[in-house]
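Heads up, the thing below is written out as structure tokens.
Every number here is computed from the coordinates shown, using simple stated rules; none is lab data. Source: prediction; values computed, not measured. Positions of Cβ are backbone-derived with ideal geometry, glycine not excepted, and every protein chain shown enters the neighbour counts.
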Amino acid sequence: MAVIHKAPADSAVLPNFTDYDGTRARFDWSDIPDLCDGMGAGLCNIAYAAVDRHAQGPRAGTTALRFVRRANQDGAIATRDLNYAELGRLTGRFTNALRALRINKGDRIFTLMGRIPELYISVLGALRNGNVVSPL
């Protein structure tokens with residue numbers, strides 16, 4: 001069996017990460033942006049970092065999630081895009097529903113859904129509420 005050797009320069013699209021040792025030597029935690037900037041000192045929430053900071057900024061109209069599925073019997077493909085503003089609004093509604101049900105920070109939330117928009121909305125909304133989330 002012949003072994004094929006390829007270098008990054010041989011690729012049509014260059015990889016983003018080509019020099020592990022050099023990147024590791026130059027790495028400094030102070031270069032990492034604060035993903036929770038704007039939440040307040042010492043506060044951080046993964047849903048804020050993933051959604052809210054974009055929904056309230058210049059990326060509000062950018063597609064955050066794209067769902068692809070077969071539309072009907074003819075096999076046509078249908079897509080549904082959620083931009084950051086819409087995803088932020090929907091996750092906020094779910095967070096508010098949890099709070100209305102008196103589901104508090106630290107409470108456990110389990111979901112049982114397929115890979116549909118509501119799965120991601122519910123998980124992000126629960127994380128935004130400070131819940132421990134487990135998709136089943």
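Counting only DSSP beta bridges with both residues in the chain, what percent are antiparallel, rounded to the nearest 5?
Of the beta bridges lying entirely in the chain, close to 65 percent run antiparallel.
Of the trypsin sites (Lys or Arg not before Pro) in segment 48-117, which ones lie in a loop per DSSP and count no more than 14 other C-beta atoms within 10 Å?
Passing sites in segment 48-117 are Arg59, Arg102, Lys105, Arg115.
Name the residues whose placed amide hydrogens come within less than 5 Å of the amide hydrogen of Leu65, ignoring near sequence neighbours (fewer than 5 apart) on the same chain.
Amide H neighbours of Leu65: Leu82.
What shape does segment 59-128 take by its C-alpha gyration tensor, where a ≥ b ≥ c are the square roots of the eigenvalues and a/c under 1.5 counts as rounded, a/b above b/c as prolate, and the rest as oblate?
It comes out oblate by the Cα gyration axes.
With n ≥ 4 as the cut-off for DSSP H runs, can you work out [θ] at 222 nm for the chain, using -39500 (n - 2.57) per run divided by the number of residues, rounded to the nearest 500? Kindly include the intermediate steps, with their values, before the conclusion.
Working: 3 runs with 36 residues, N = 136.
Theoretical 222 nm ellipticity from helices: -8000 deg cm²/dmol.
Taking a ≥ b ≥ c as the square roots of the Cα gyration tensor eigenvalues, with a/c under 1.5 meaning rounded and otherwise prolate when a/b beats b/c, else oblate, which class fits the chain?
Oblate is the answer for the chain, as a/c is 1.5 or above yet b/c matches or exceeds a/b.
Taking DSSP loops as anything outside H, G, I, E and B, show the longest stretch in the chain free of chymotrypsin sites (Phe, Trp or Tyr not before Pro) there with at most 15 other beta carbons within 10 Å. Walk me through the numbers before you get to the answer.
Details: sites that count: Phe17, Phe27.
Answer - 28-136.
Once each part is reduced to its C-alpha centroid, what is the distance from segment 1-27 to segment 58-136 in angstrom?
Segment 1-27 and segment 58-136 have Cα centres separated by 36 Å.
How much net charge surrounds Gly130 when only the other residues with a Cβ under 15 Å from the Cβ of Gly130 are counted, with Lys and Arg +1 and Asp and Glu -1?
+3
Which residue, Asn45, Ala7, Phe27, has the largest displacement toward the positive end of the dipole of segment 1-46 when charges sit on each Cβ (Lys, Arg +1; Asp, Glu -1)?
Of the listed residues, the answer is Ala7.
Determine the gain in length on full extension of the stretch Asp19-Asp37; use 0.36 nm per residue of separation and subtract their C-alpha separation, reporting nm with one decimal.
Full extension of this stretch gives 3.5 nm more.
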